[in-house]
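Quick notes on the structure that follows.
The values are calculated or read from the model by the stated rules, or taken from the named source; none is laboratory data. Note that the structure is a prediction, hence the values are computed from the model and not measured. Every residue, glycine as well, gets a Cβ built from its backbone with ideal geometry; the counts of neighbours run over all protein chains shown. To get the accessible areas, we keep the full protein, side chains included, count just its heavy atoms, and leave off ligands, DNA and RNA. Shrake-Rupley method; radii C 1.70, N 1.55, O 1.52, S 1.80 Å.
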Amino acid sequence: MKTLQELGLQIPQILLPKNIDLKTWSVIACDQYTQDKDYWKKAQENACDKPSTLNLILPEVYLNDSDKPERIQKIRNTMHDYLQNGVFDSEKNCFVYLERKTTYGRTRKGLVAQIDLDTYEWKPFSTANIRATEATIVDRIPPRMEIRKGAPLELPHIMLLVNDKNHILVEETGKTVKTKAPLYQGDLMNNGGSITGWAVETEDEITNFTNALNQIALENTAADGSTFLFAVGDGNHSLATAKAVWEEHKKELLQNGASQEEIAQNPVRFALIEIVNIYDEGLTFEPIHRVIFNINNDELISFLCKKLNGTLQELSSKDKLEAAVKNSTNYFGFAYKKDGSQKYTLLKTQLSDLAVACLQPEIDEFLKSAPAQNNCTGEIDYIHGSDEVLKLGEKENSCGILLPPIVKDSFFETINGRGPLPRKSFSMGEADEKRFYLECRKLF
């Protein structure tokens, strides 16, 4: 029987605000609504100038703004202020079991824990305990390191998938702790639904948790002895950033003569995450759609049709386009303006592999050649939720691309066999179902 530490987990010291009002405190993950500043302005209005996690994060919609250094400094100052001026209750040594009810009528269950970053690796074909499911873009790590390095607090939006067909970890833990009063309970802002969390802290609760994790680890151990225990579902670049910050900090500790015990227990070595069972009935796998700006839309669609050996069909409405794509595993939808008219084009293919794994390399090839051929400045963004991508597809000089649903059967086996999928391949749930910041932990 392995200990929690041997399995790469630790019980975190959870910080929650006093007299918590979730509708003002909790806000959606920073990597959502990256093209929608109105969403974040509404979040600011909802926070009502009260203590809020919105003041502790940098929404990525502002990541390229000129005032980014000032925003980061303000975040640091606010973290110190919240810690020093009684915003938080006393630390609680526990996991947190949570149930998130979304406005889509689904309930997702999760466990908040902290993972040892030395047991995680994002590089392809890793045999680490925790592995990336999508390709990591190295250039995206340094800007995020600016935010995490030296930050007094950490807030989790990283979600790890566990391969638990028998529902013995998250779900069984929930059955045990739901007899107690919750740590927090309430509605979330901006169509976020509601959430309730319970402490997992007694000796029996921790023992049962550890036993279940050992069983899952055994079932997911390969012939070479490597264990694939967790796959990164959401927050891939955030977790890669946390590891990069830790590797840098660990070098500094070693140079300054830190002991092995100090290194083993250093808070920066860990990252706060939520564990979700891939077989949770409340968890849906949604495709992450694409929007491409400033290219010749007809040439893009023709190029992809030829490369994917498909056929094209014009549809009369966005509803018909969305339905056709959602009811397939290998169709793509394009929404764009042409000569002032709105167009909806369906690309039918016979692909048998995961659709996005075939589409993204061809988009990359087109974007490399398009600027030279047409004096274009093709840019791509990754959008959660079909409504937003169709809305963006109604703007001039943009092309919204709808992708078909993601099938989660054999997901772990696929990652284990072929390595990470292309970047931004899937999303766990719709945009409004993404993780909201809530729990905190001291970092630096």
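So the values come out like this:
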quantity	calculated
Fraction of accessible area attributable to carbon and sulfur, the chain (%, probe 1.4 Å)	45 percent
FRET E, pair ASP81, GLN260, Förster distance 45 Å, beta-carbon r, rounded to 0.05	0.85
Global geometry of region 1-44, whether rounded, prolate or oblate, following the gyration tensor of its Cα atoms and the 1.5 cut on a/c	oblate
Residues of region 377-411 with amide N under 17 Å of the 7 Å Cα→Cβ point at LYS338	393-402
Space enclosed by the convex hull of the alpha-carbon atoms of region 296-377, per residue, Å³	91 Å³
Residue-level accessible surface for PHE125, protein heavy atoms, 1.4 Å, Å²	140 Å²
When each of LYS326/LYS408; LYS320/LYS391; LYS101/LYS320; LYS109/LYS180 is checked by Cα-Cα distance, pairs over 18 Å	LYS101/LYS320
Solvent exposure of the chain as accessible area per residue, Å², 1.4 Å probe	43 Å²
Net length gained if the chain between ASP67 and THR179 were fully extended (0.36 nm per residue, minus Cα distance)	35.6 nm
Solvent accessible area, Å² - THR176, 1.4 Å probe, full protein context	60 Å²
Residue-span extension gain [ASP139 to THR207] - 0.36 nm each, minus C-alpha spacing	20.4 nm
By average C-beta atoms within 10 angstrom, highest first, the peptides 351-363, 383-395	383-395, 351-363
Cα-projected label distance for GLU299 with LYS74, points at 7 Å along beta-carbon direction, nm	4.1 nm
Cα-based shape type of region 115-217, given that a ≥ b ≥ c are square roots of the gyration tensor eigenvalues and the cut on a/c is 1.5	oblate
Estimated 222 nm signal from helices in the chain, with DSSP H stretches of n ≥ 4 weighted -39500 (n - 2.57), rounded to 500	-10000 deg cm²/dmol
Among (i) 25.8; (ii) 18.9; (iii) 22.6, the entry that matches mean projected area of the Cα convex hull in nm² as calculated here	(iii)
Per-residue SASA entry for LYS178, accessible area with 1.4 Å probe, Å² rounded to 10	90 Å²
